[in-house]
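Chemist: The structure under discussion is supplied below as structure tokens; questions concerning it will follow.
Computed from the coordinates by the stated procedures, all read-outs in this text should not be read as laboratory data. Predicted model only: the values in this text are computed from it and were never measured. Methodologically, a virtual Cβ is constructed for each residue, glycine included, from the backbone with ideal geometry; neighbour enumeration extends over all protein chains shown.
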Amino acid sequence: MTRRFAVGDHVTWNSEAGHVSGHITKVHTTDFDYKGYIHRASEDDPQYEIRSDRTDHVAAHKGRALRLVDDGE
């Protein structure tokens with residue numbers, strides 16, 4: 001089972017530009033339109049909107065692409 005995340009969680013993911021980190025701003029559990037594309041989401045496989053720490057860009061990813069950041073380091 002994929003780890004579940006919540007709004008406010010600090011996460012990291014791999015993008016074309018390398019590793020990016022940000023905070024989750026929304027959790028989608030049904031299909032949604034984002035930037036002109038339909039993103040598939042369900043209760044069992046949600047998608048997350050994350051605002052980048054560096055650029056304020058917002059990205060949408062499934063949980064399997066995300067890792068929780070240990071802010072205690």
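Chemist: By how many nm would the segment from R54 to D33 lengthen if fully extended, with 0.36 nm per residue of separation less the alpha-carbon distance?
Modeler: 5.1 nm
Chemist: Using a cut-off of 14 Å between beta-carbons, work out the net charge of the residues near A41 (Lys and Arg +1, Asp and Glu -1, A41 not included).
Modeler: Spelling it out: positives minus negatives among the neighbours equals -1.
Chemist: Return the label of the correct value of P(r) over Cα pairs in 10 Å bins from 0, in percent, as calculated from the structure shown, out of (1) 20, 60, 17, 2; (2) 15, 25, 16, 12, 10, 14, 8, 1; (3) 20, 55, 23, 2.
Modeler: Only one option fits the structure, namely (3).
Chemist: Summing +1 for each Lys or Arg and -1 for each Asp or Glu, what net charge is found among the other residues whose Cβ lies under 9 Å from the Cβ of A60?
Modeler: In short, +2.
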